[in-house]
1. Mind checking which residues of the stretch 278-317 are buried (at least 21 other Cβ atoms within 10 Å of the Cβ) and either in a strand (DSSP E or B) or without any contact (Cβ under 8 Å) to a residue 12 or more places away in the chain (or both)?
2. Among the residues that make up the stretch 25-44, is at least one of them part of a loop (DSSP other than H, G, I, E, B) and at pLDDT below 90?
3. Can you tell me which residue in the stretch 205-259 is modelled with the lowest pLDDT, limited to those that are within 28 Å of T167 (Cβ to Cβ) and of a type in the set (D, E, K, R)?
4. Return the only residue of G114, G200 being of a type in the set (G, A, S), at positive phi and touching a residue at least 40 places away in the same chain (Cβ under 8 Å).
5. Out of the residues in the stretch 65-83 that are surrounded by fewer than 18 Cβ atoms within 10 Å (Cβ to Cβ) and among the polar types (S, T, N, Q), state the one that is nearest to the chain's Cα centre (by Cα).
6. Go through (1) open to solvent by less than 10 Å² (accessible area, probe 1.4 Å); (2) touching a residue at least 40 places away in the same chain (Cβ under 8 Å) and name the single condition G96 misses.
7. Please go through the stretch 51-64 and give me each residue that is hydrophobic (A, V, I, L, M, F, W, C) and either touching a residue at least 40 places away in the same chain (Cβ under 8 Å) or surrounded by 16 or more Cβ atoms within 10 Å (Cβ to Cβ) (or both), ordered by number.
8. So for the stretch 263-276 (the condition being under 19 Å from the mean Cα position of the chain (by Cα), surrounded by fewer than 21 Cβ atoms within 10 Å (Cβ to Cβ), of a type outside the set (A, V, I, L, M, F, W, C) and at positive phi), does at least one residue qualify?
Amino acid sequence: MMKFIKGFFCTAALTITAATAGAEVPAPCRAVGYTTKTLDSDFSKAGEIFDEANSYKPGYQWYRWNWFKLQPNFELSRKHSDGTISAEGGPHADYGGYVVSAAASPSQASGFVGTAFGGGACIQVKLRFSPVPRTSSEEHPSFWAMSKEHLDGSGADQWPGKNLGFTHFAEWDILEYYKVPPPGFLSSWIDWFGPYIPKGELRISDVGQGELNLPNHSCRRPFCRHAGSFAPKPGAFPSTTDWNRLQTVTGVWVPATADHPGCIQTFLNDDAIAPPYCWKVASAARERMQDFLDFSVIDQHHMVLVISSGTSPIFVRSVEVYQRSARDNVSN
């Protein structure tokens, strides 16, 4: 177990900013100067936190997944008397039971409601789930984020200079309970790119993108991807971890600048459970086109938070987000 005090992000470039906030700011957030709380979702409290009625109106912090015109499922996500909210995917990996911090809303001029986070964030979630083994084909309890620029279908995920429809967007998997025994986890990054693949697979060269210098690269649906887990495969939880009780998971994302790399890292109860994964600023020179597939695209996008699971639900008590400011977020 890598203790937080042993050098978060392993570089002096990520200077600890003098925090003016109180001790309630999580330690991993304070370490990178993220002391402004920009989201405070406590599902045990009353108020308009979760849009249970699927109104998709502004004013809520969480909605059921309805991206890609998917019909949400009332039965697969709901509030509970113990102050938690649950999410699950149903027997057919039904996204309609997933819960998101931003959702599609055609009635709004912006086309969405909720908040997508930009410019870096420290995200802390308190969650629990039944740690039973999953089959290799089953969805699993997860807390993650994806580029709004892809979810909203606006075309903002277009890779500049590439053929129309050649996308580039980010998925940040803060914590995924591993699918098969022994119990473990993945903390991963996925750099998605290329055209939409409705079925089967294709080769990059088939779509005239040879300049990526990936002549032998083939992609399976729905898009091409370059990815990795920055934890072992799978990582091992501390033996004392009881997922039937609430545990605190924290994901930290610091964007790259000309002076320091960008990094992501995952913590469990304030202890780092995976080494950081880092990249250089997107505008920096790169020798090969595939070097752009280093996850730096996350710094240019806004991340929608996602609570999800398979046929066994995940339960979340609270989600808090700390940032330098809310300036780079988009919300409605």
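1. Within the stretch 278-317, C278, W279, M303, V304, L305, V306, I307, S308, I314, F315, V316 meet the criteria.
2. no
3. Ranking the qualifying residues of the stretch 205-259, first place goes to E211.
4. Only one candidate passes the filter, namely G114.
5. The initial filter retains those residues of the stretch 65-83 that are surrounded by fewer than 18 Cβ atoms within 10 Å (Cβ to Cβ), namely 68-71, 74-75, 78-83.
This time we only want the ones that are among the polar types (S, T, N, Q), so: 71, 81.
Numbers: Q71: 22, S81: 27 Å.
Ranking the qualifying residues of the stretch 65-83, first place goes to Q71.
6. The single condition G96 does not satisfy is (2).
7. If the condition is that a residue be hydrophobic (A, V, I, L, M, F, W, C) and either touching a residue at least 40 places away in the same chain (Cβ under 8 Å) or surrounded by 16 or more Cβ atoms within 10 Å (Cβ to Cβ) (or both), then W62 is the only one that fits.
8. yes
The values are calculated or read from the model by the stated rules, or taken from the named source; none is laboratory data. Every value quoted in this text rests on a predicted model; they were computed, and no experiment measured them. Virtual Cβ from ideal backbone geometry, glycine too; neighbours counted across all protein chains shown. With ligands, DNA and RNA removed, areas are computed over all heavy atoms of the protein, side chains included. Shrake-Rupley method; radii C 1.70, N 1.55, O 1.52, S 1.80 Å.
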